[in-house]
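**Q** Have a look at this one before I ask anything.
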Amino acid sequence: MMTTESSATAISSAEQKSLGAAPAMGQFLRLHLGEETKSLLPAEQVTQVLTVATELVVPMPHMAEWIMGAYNHRGEILLLVDLGNLLGLKAISQQARSVADYTVIVVQVGPENAANRLLGLVVEQVKRTEQCELNSIKGATADPNSDLEELLQGYCSPSGKEVLPVLDLE
């Protein structure tokens, strides 16, 4: 008995508009990682955005330089990671302006059955939310030796003027 496989075909934005269907849109947080570096993070991966006083972060010795420390968040230990430093940028602690508070994006990572799935990403600033057509996210072509490649979903131009990297933490 012979079977045939059916394959789904992607419909372009132009075709969706001509058919009257709205393109699938995604919500993204626009992040500033420092030194004019901006990025997008899918909103569905974000639990909340916090402001954390620097003195409440407990340093963790003998860890990678991008691990800033731990923070007690609602009775749970939240590991704080300097996202810009992880991606090869200057550490937030070494940037020109002094910081009294950190902007922390709390994200869910790891399998659903993991004991502690929350991680705190420290960024310079969360600017606003952006919408981007999901099928307009272009493939990732980062340097294979870069730390960015593992976290890069692709690139998107939410405003049509600038192209921003879209991070994916899953």
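The values are calculated or read from the model by the stated rules, or taken from the named source; none is laboratory data. As the structure is a computational prediction, the values presented were derived from the model and not from experiment. All Cβ positions, even for glycine, are placed from backbone atoms using ideal geometry, and neighbour counts span all protein chains on display. Only protein heavy atoms, including side chains, enter the accessible area calculation; ligands, DNA and RNA are left aside. Shrake-Rupley method; radii C 1.70, N 1.55, O 1.52, S 1.80 Å.
**Q** Across region 35-44, what is the total count of residues that are of a type outside the set (Asp, Glu), open to solvent by 10 Å² or more (accessible area, probe 1.4 Å) and either closer than 12 Å to residue 167 by Cα or assigned to a helix (DSSP H, G or I) (or both)?
**A** Result for region 35-44: 2.
**Q** Let me ask you something else. Counting only residues that are open to solvent by 10 Å² or more (accessible area, probe 1.4 Å), modelled with pLDDT of 90 or more and under 14 Å from residue 33 (Cβ atoms), which one in region 93-122 is farthest from the chain's Cα centre (by Cα)?
**A** 102
Listed here are the residues, each with its yes/no results for (1) free of Cβ contacts under 8 Å to residues at least 60 places away in the same chain; (2) β-branched (Val, Ile, Thr).
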residue: 51; (1), (2): yes, yes
residue: 55; (1), (2): yes, no
residue: 62; (1), (2): yes, no
residue: 69; (1), (2): yes, no
residue: 74; (1), (2): yes, no
residue: 87; (1), (2): no, no
residue: 99; (1), (2): yes, yes
residue: 103; (1), (2): yes, yes
